[in-house]
Amino acid sequence: MDDCRLILLGFGAVGKGVARGISLKKEMINEKYGINLKIVAAADSSTSAICQDGLDEELLLKTKEESGKLLSYPEYGSDISGIDVLDAVDYDVLIEASPTNIEDAEPAKSFTLKAFADGKDVVTSNKGHLALFYKELIEAKEKAGVDFKFEASVGGAMPIINLCQETLASCGISSIKGILNGTTNYILSRMTTEGMSYENTLAEAQQLGIAETNPTQDVEGIDAACKVVILANSVLGIDATYDDVEVRGISDVSLDAINLAKEEGYFVKLIGEVSEKQLKVSPRLVKKNSPFAIDGTLNLANVTTDLADDITVMGKGAGSLETASAMLTDLINIIKDK
């Protein structure tokens with residue numbers, strides 16, 4: 001049995017989901033693939049826990065919950081943080097789960113390039129560095145001869161990148177249209193079904209933890225636009241960055257517009273579109289009986305192909321364990337490749 005030593009950078013919701021997912025699934029992965037997953041380092045924003053022999057995933061979660069800092073992890077807590085963790089212990093794969101930064105893509109970009117330079121594989125859920133520097137990252141990955149997987153960056157648990165790159169490998173893909181942000185889908189769904197104003201629905205979503213305290217990235221279409229860029233590059237081979245996307249969010253969608261659309265047999269949904277003709281995120285009308293007429297925080301993507309016609313996938317686009325499931329699938333695929 002071989003060890004696969006992991007460094008987990010970022011211990012917010014996604015990072016904690018990864019730790020919990022490994023705790024739940026490491027025995028299955030061991031039995032099926034003969035690999036023993038070991039988190040040898042985990043880091044939050046300012047501290048870490050580091051042990052070459054492996055850390056206990058449940059103890060990591062308990063430590064973070066009770067003290068707020070991984071520094072308090074018994075015996076192996078450390079004040080080493082950030083990129084320095086990558087030099088503190090031997091590892092095989094970086095699990096990069098830091099918060100998305102659409103301004104300069106840090107710290108995810110530096111973490112990822114450092115891991116590549118050290119000859120390490122990377123799995124990420126981050127959108128910022130992919131949306132801003134996709135080409136640079138892929139060139140660095142190829143130069144280093146390592147694996148770089150990012151299924152979790154688009155659609156959470158909904159399989160879309162691996163679906164297009166692997167399952168639909170025989171097909172030419174001309175476009176992808178989808179509901180790529182769960183927060184905005186929840187808001188628009190509640191406005192439609194309950195007749196609530198945008199402001200009241202947003203407040204409700206914030207109270208439920210569906211929307212962030214600062215919801216700008218979601219409601220202004222920024223999050224969905226990042227995903228459009230990632231799909232454009234990784235699936236359609238379009239050399240694009242965030243600045244190439246036409247973006248309009250939902251903050252100016254009125255209840256009157258929602259109700260008028262409803263009377264005519266339509267729903268309003270925030271749709272991301274990826275094609276050679278356009279990269280766009282905007283509120284659009286969808287028919288009540290169309291595949292896009294989904295409620296809540298679900299995500300959906302419709303892939304138009306030459307051989308297989310249209311393929312539609314749907315799944316939970318957010319949630320710590322849901323996102324972690326995509327990251328663990330990427331990790332398993334790296335293990336299988338080796």
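The values are calculated or read from the model by the stated rules, or taken from the named source; none is laboratory data. The structure displayed is predicted, hence computed values, not measured ones. Neighbour counts are summed over all protein chains in view; Cβ atoms, including those assigned to glycine, are modelled from backbone coordinates with ideal geometry. In case anyone asks, the SASA skips ligands and DNA or RNA and just uses the protein heavy atoms, side chains included. Shrake-Rupley method; radii C 1.70, N 1.55, O 1.52, S 1.80 Å.
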Item to check | In order through the range 39-50: 3J(HN,Hα) via Karplus (6.51 cos²θ - 1.76 cosθ + 1.60), integer Hz, x for Gly, Pro | outcome: 7, 8, 7, 9, 9, 9, 5, 9, 9, 7, 10, 9
Next on the checklist: Let me make sure I get this right: for the range 68-120, a, b and c are the square roots of the gyration tensor eigenvalues over alpha carbons, sorted descending. Under 1.5 in a/c it's rounded, otherwise prolate if a/b > b/c, else oblate. Which is it?
Outcome noted: oblate
Item to check | Probe 1.4 Å, protein heavy atoms only - accessible area per residue of the chain in square angstrom | outcome: 43 Å²
Item to check | Where only C-alpha atoms are counted, convex hull volume of the range 227-338 per residue in Å³ | outcome: 154 Å³
Next on the checklist: Could you tell me the ratio Rg/Rh of the chain? Both radii from Cα atoms, Rh via Kirkwood.
Outcome noted: 0.98
Checklist entry - If ligands, DNA and RNA are left out, what is the accessible area of Phe133 with a 1.4 Å probe, given in Å² to the nearest 10? => result 60 Å²
Checklist entry - Ranked highest first by average number of other Cβ atoms within 10 Å, how do 297-308, 82-93, 36-47 line up? => result 36-47, 297-308, 82-93
Next on the checklist: Between Ile138 and Asp244, what's the calculated FRET efficiency when r is the beta-carbon distance and R0 is 25 Å? Round to 0.05.
Outcome noted: 0.90
Checklist outcome for this item: CD proxy, 222 nm, the chain: helix-only mean residue ellipticity via -39,500 (n - 2.57) per DSSP H run with n ≥ 4, per residue, nearest 500, stands at -11500 deg cm²/dmol
Item to check | Estimated FRET transfer efficiency when R0 is 51 angstrom, pair Ser254-Glu75 (beta carbons, to 0.05) | outcome: 0.35
Checklist entry - Under the Kirkwood approximation for Rh and a Cα-based Rg, what ratio Rg/Rh is obtained for the range 80-190? => result 1.02
Checklist entry - Rounded, prolate or oblate: which fits the range 165-316 when a ≥ b ≥ c are the square roots of the eigenvalues of the alpha-carbon gyration tensor, with rounded for a/c under 1.5 and prolate only if a/b beats b/c? => result prolate
Next on the checklist: Give me the one-decimal nm value for the distance between modelled label points at Ser170 and Asp104, 7 Å along each residue's Cα-to-Cβ direction.
Outcome noted: 4.9 nm
Checklist entry - Over the range 165-316, what is the relative contact order in whole percent, taking alpha-carbon pairs under 8 Å and six or more residues apart? => result 35 percent
Item to check | Separation of the Glu212 and Ser45 label points, Cα + 7 Å toward Cβ, nm | outcome: 1.1 nm
Checklist outcome for this item: With +1 on the Cβ of every Lys and Arg and -1 on the Cβ of every Asp and Glu, the dipole magnitude of the chain about its Cα centre, in debye rounded to the nearest 20, is 660 debye
Checklist entry - Put +1 on the Cβ of every Lys and Arg and -1 on every Asp and Glu Cβ in the range 165-316; which of Asn185, Thr216, Leu307 then has its Cα farthest towards the positive end of the dipole? => result Leu307
Checklist entry - Taking R0 as 22 Å, what's the FRET efficiency between Lys62 and Asn36 from their Cβ-Cβ distance, rounded to 0.05? => result 0.50
Next on the checklist: Given an 8 Å cut-off on Cα distances and at least 6 residues of separation, report the relative contact order of the chain as a percent.
Outcome noted: 19 percent
Checklist outcome for this item: In the chain the accessible area split gives carbon plus sulfur, as whole percent at 1.4 Å, a share of 46 percent
